[in-house]
1. With each pseudo-label sitting 7 Å past Cα toward Cβ, what's the R151-E554 distance in nm, one decimal?
2. So if each residue of separation counts as 0.36 nm, and I subtract the Cα-Cα distance between Q222 and R583, what length gain in nm does that give?
3. Which value, to two decimals, describes the C-alpha radius of gyration of the stretch 294-585 once divided by 2.2 N^0.38 Å?
4. Which residues does a label at F112 reach in the stretch 169-185, if reach means a backbone N under 18 Å from a point 7 Å past the Cα toward the Cβ?
5. Short version: ³J(HN,Hα) in whole Hz for each residue of the stretch 401-417, in order, from phi by Karplus 6.51 cos²θ - 1.76 cosθ + 1.60 (θ = phi - 60°), x for Gly and Pro, what are they?
6. Specify which residue in the list V582, I185, N565 is farthest towards the positive end of the charge dipole of the chain, using unit charges on the beta carbon of Lys, Arg (+1) and Asp, Glu (-1), about the Cα centre.
7. Quick one: length gained pulling Q132 to S193 fully straight, 0.36 nm per residue minus the C-alpha distance?
8. Which FRET efficiency, nearest 0.05, do S62 and V369 yield, Cβ-Cβ r, R0 56 Å?
Amino acid sequence: MPNCEKQEDLQVSPSSTSVPKRCISYVAMKALHEMRLSDTLCDATITQGEFSFRVHRAIMSSCSDYFRALFTTAVPSEKDHISVDGISGTIMERIIRYAYLRECDISEEEMFEIYAAADYLGMASLQERCVQFIKSVLRTKNCVQIMLYGRQRGCTSLYEFARSYILKYFVEVSEQCEDLMKLDIDDLYEILSNELLNVKDEEMVWECCVRWISFDPPNREQFVTRLMKSVRSGLLRTQYFLEEVKENRFVAASDEAKPIIIETLTFLYDLDMVNTKRCKIKTPALALPRLPYDVIFTFGGWSDGLPQSIIETYDTRADRWVKIHAENRTEARAYYGAAVIGNAVYCIGGYDGVEHFNTCRKFDTLKKVWTEIAPMHCRRCYVSVVTLDGQIYAMGGFDGLNRLNSAEVYNPQTNQWTIIGPMNRLRSDADACTLDGKIYITGGFNGQECMNSAEVYDPATNTWSLLPNMSFRRSGVSCIGHKGTVNVVGGFNGLIRMNSCERYDPVTRRWQTFKEMYYQRSNFGVEVIDDMIFAIGGYDGVTAISHTECYVTETNEWLEATDLNSTRSAFKAVILSGLPNVRDYIHKDRENLMAERRQKLLNAEQEGDFFTSESTSSINEVD
């Protein structure tokens, strides 16, 4: 009898019509299937209601534990005609076809039913096929249903996959998934209290609690106190806590909630009333930040007249920069390009004060080690680098003699660089980003002047096209795609470092300025995290700086964030998401964050506080 390799060894996609590529003889299996349809050499009948299927016992036994046990242990008279309870005739027909051909048409409407049948019949390979299909169609509106189904069926991989999706996209799930409102209290509490819940602020968590209770107040308002414990209330704005939590009708009606109100108000009062005698107070559980899903990484750069090899990461939940130790320290390097693929950061080209590099290195964030990858065709410092479709593009730069318009692409699967179409302009010290499957490069220096030109690369045609000019000349610029536009920030215009910003809309083909940064800067890091554009470090025309600020599109304003641990310029910032070892890259001493904030307020000698006399009276009111 022809034999097929196990499903886990086959190269198949979740698609229902995929044919195994490594099956020993698909042609032979197809012939056996045709024999089944013509009732040739069949030795058993499966009857499901009005459906009747003639089959070969050996074929059915080869992929099903259920049929193998049945056909090898049942008395002869029971082997000829069988019926399987709980499986419809249409589903059984799919299962039989899969047993012969390893093909099964799976749809969203029937995926749970097919999985359940495969589970009952002991068809592990079909179960895995169903799991992969279910994962491929998981989205905001069905993720809760899939999580619960995975737990019900004891499918750990499906349960964990859906649960991780909910934690990662909690904001969208809480707004769009009706099933979230139907969860029982234990499941909801487990999600909301999870330290990996990906929320920018705790207001979103509390508002989800209120919506859940309001879905069925008579039966759910009793759980308000328990849900309050899932919210890091000490991280809420004082005014919001007073107006939206303390005065909430469910909270006001609960005597059990009063201790939580008092504890939170006391914490907020102590935090904002700077007291030098109490600056050593520990951060309570209600104010401990959750773990970040996204972490900003920065490498090397230029400081104090020398290239650097430092690694710093930004913990957005704690608003702290963390110095990272690598197992094998990389050489100091500045003016390089950086890109992320999977859990690795690639540093491309650069300059160490003497040599202009074509060499490239990869940092494994799981092992914390550096390894060398294939060198580029050209030496490139001041190079622009992006990732698109799993490949790394390096564009322009300076080779020590000339500014370049050449570009090349790196395939991590083959560890090879390939030259692509050249840009229309020579560009070094430009910056690039991706948007809607295309690469946009802006500004730079051509050897004679700072540039205001920009162009776009289409990988489908391997061609560059010029865009309308920017409003300002910008070398040492940073740009990033965000909310459907190309955002260009700072840079050097030939006279001064700038704090001006502008964005390009590919639909209208127009540039439009937006709010200036607080700090003038060039050759700095930029990234988007928590839907905000972060500008990090750089050079202000006099010295390298450590200042960090973030831009909020909705309010068109820049906000200050915690500075780098050291002044640096000529580095890149990249984001890694969902790291399994994220604790290695976050602020460790989370219990002392309150004391650190107090000390920061003291050092800054800020006047007044955010906690008003109204807040003080509120404590007395609930005591």
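1. 3.0 nm
2. Separation in residues times 0.36 nm, less the Cα-Cα distance, equals 126.4 nm.
3. Taking N as the residue count of the stretch 294-585, the ratio is 0.90.
4. Those under the cut-off are 177-184.
5. Using θ = phi - 60°, the values come out as 10, 10, 7, 10, 10, 6, 8, 8, 10, 10, 9, x, 6, 9, 6, 9, 9 Hz.
6. N565
7. 19.1 nm
8. Details: r = 45 Å, r/R0 = 0.80.
Taking R0 as 56 Å, the efficiency between S62 and V369 is 0.80.
Taken together, the values in this text are just the output of simple stated rules run on the coordinates, not laboratory data. Keep in mind that this is a model prediction, so the values were computed, not measured. Every residue, glycine among them, receives a Cβ derived from its backbone with ideal geometry; neighbour counts consider all protein chains shown.
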